[in-house]
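Quick note: the coordinates plus some simple rules give every number you see, no bench work behind them. Model, not experiment: these values are computed from the prediction. Glycine also receives a Cβ, built like all others from the backbone with ideal geometry; neighbour counts cover every protein chain displayed.
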Amino acid sequence: MANHRVNLKQIKLHYQHALPNQMVTAVVVLDHNLRICYVNPAAEALLVKSFNKLYRLTIAQVFYNTPINTRRLEQLLTTGQEFSDSDVTIEFFDHRQITVEITASSVTFEQCPHILLEFKQIDQQKQISDEAFQQQQWESARDLIRGLAHEIKNPLGGLRGAAQLLDKELNIEQREYTAMIIEQADRLTDLVDRLLGPNQLPIMKTQNIHIVLEKVFKLTQFDNPKNITLVRDYDPSIPEITFDQDKLQQTLINIVHNAMQVLQNQHSITLKTRAANNKTINGKRIKLCAQISIIDDGPGIPEHIQSTLFYPMVSGRAAGTGLGLSICQTIIHQHQGKLYCKSRPGRTEFTILLPFNSEN
Ligand SMILES: Nc1ncnc2c1ncn2[C@@H]1O[C@H](COP(=O)(O)OP(=O)(O)O)[C@@H](O)[C@H]1O
Ligand SMILES: [Mg+2]
């Protein structure tokens, strides 16, 4: 034990010496058995665990999902061949994810080979710029579609009016045709209205979010042919916040409904609420939010639509319109909130953040 203390101290001193920027770079040192023998304070912060807890653990015991596997590490020990991965996503056992740049190199201590892993977190600035970019893209897609929908809607009204006038001039048999024009025009108007998105402003009221969650829970339970397990995980202490009850309900139902469509029997959907601190919404730091998560253990969002998931007309289903999530996004925007999704096979989580404003 005493010996090991000396080692750690030496290792620590060495790194502090060798890595002047160690404040920002998280450093993890593995011994030749690939067990953690040192972490610097930045690594403790990144891994949200103290050195004492991390000591002697393997990488597989710390990360749930990471591209650094035993094979690569063993290869590094034997060949000394360093590797570095940029822009890798690491997942922890509590499903927290971080994006980092990893550099792995070999170092020798007391004639024993060790591995030095350096993690540079690129999350925060990346997340903010990614979000701003996504937001811009979403807004331009939405504006484009809205503009188009407007352009279609106007002549469509004229078309329908003209067919109605013509209808009066025709005999019964010929009216079949005008009826068809009117019916199809109505179908198109309906589609165009949905493309335009919600057109009334929300009716805001200060109330408990669980009223809505309970309604969604009951409605879903009533219409649950696949017998999907619905789990409630509420934080009842969340204070009342200001929102439009119908619109929030519509949003939650859309999200739950999407999950119900892809889930099979035996699977589950969890409705979870929490109070959340210090979240970024539209680039602004928000002190306190109500956080609603809808989590399922289904197949995950198809990879090819993940980056455009909230755009209008993006759907992974043959019969889908792709309007549901776009409408949800508009509604949450009207509430100055944020809606985002993290998904991989086996776990999809939609998160809604609703800020407590000064009135709250
Ligand atoms: N929980 C989920 N699990 C897997 N895929 C999902 C989930 N929620 C949404 N999706 C995917 O996102 C697509 C877009 O959803 P949405 O905007 O509601 O449009 P639509 O339901 O009309 O397709 C769906 O078609 C589906 O492929
Ligand atoms: Mg849908």
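With the dipole of the chain worked out from charges on the C-beta (+1 for Lys and Arg, -1 for Asp and Glu) around the Cα centre, which of P113, I98, Q249 lies farthest toward the positive end?
Comparing the listed Cα positions along the dipole, P113 ranks first.
Would you work out which of W138, A179, A149 lies farthest towards the positive end of the dipole of segment 126-196, given +1 charges on the beta-carbon of Lys and Arg and -1 on that of Asp and Glu, about the Cα centre?
Highest projection toward the positive end goes to W138.
Taking other Cβ within 10 Å of each residue's Cβ, how do M260, M204 sort, fewest first?
M204, M260
Can you give me the convex hull volume of the Cα atoms of the chain, divided per residue and expressed in Å³?
Values: hull volume 68.9 nm³, N = 360.
It comes to 191 Å³ per residue, whole-number rounded.
When all alpha-carbon pairs of segment 126-196 are counted, what percent fall beyond 16 Å?
Value for segment 126-196 (Cα pairs over 16 Å): 60 percent.
State, as an integer percentage, the relative contact order of the chain based on alpha-carbon contacts under 8 Å between residues 6 or more apart.
About 11 percent, as a whole number.
Please go through the residue pairs K49/K342; K218/K342; K153/K342; K153/K226; K49/K218; K226/K287 and name each one whose alpha carbons sit more than 29 Å apart in this structure.
In this structure, K153/K342; K153/K226; K49/K218; K226/K287 lie more than 29 Å apart at Cα.
Using a simple spin-label model with points 7 Å from Cα along the Cα→Cβ vector, what separation in nm is obtained for D143 and E176?
Result: 4.8 nm between the two label points.
Suppose R0 equals 51 Å; then what is the FRET efficiency for I281 and E183 from their Cβ-Cβ distance, rounded to the nearest 0.05?
The computed FRET efficiency comes out at 0.70.
7 Å from Cα along Cα→Cβ at both M313 and V48: what's the point-to-point distance in nm?
Result: 4.0 nm between the two label points.
Under a point-charge model restricted to the Cβ atoms of Lys and Arg (+1) and Asp and Glu (-1), what is the dipole moment magnitude of the chain relative to its Cα centre, in debye to the nearest 20?
The dipole of the chain has a size of about 1080 debye.
Report relative contact order for segment 126-196 in percent, whole number only (criteria: Cα-Cα under 8 Å, sequence separation at least 6).
43 percent
Under a point-charge model restricted to the Cβ atoms of Lys and Arg (+1) and Asp and Glu (-1), what is the dipole moment magnitude of segment 205-355 relative to its Cα centre, in debye to the nearest 20?
380 debye
I want the antiparallel fraction of DSSP beta bridges within the chain, as a percent rounded to 5.
If we restrict to bridges inside the chain, about 90 percent are antiparallel.
Report, ordered by chain and residue number, the aspartates and glutamates lying within cross-link reach of K168, taken as a straight Cα distance under 17 Å and ignoring same-chain residues fewer than 8 apart.
Output for K168: E176, E183.
For the residue pair R35 and Q136, what label-to-label distance in nm results when each label sits 7 Å from Cα along the Cα-to-beta-carbon direction?
Distance between the two pseudo-spin positions: 5.0 nm.
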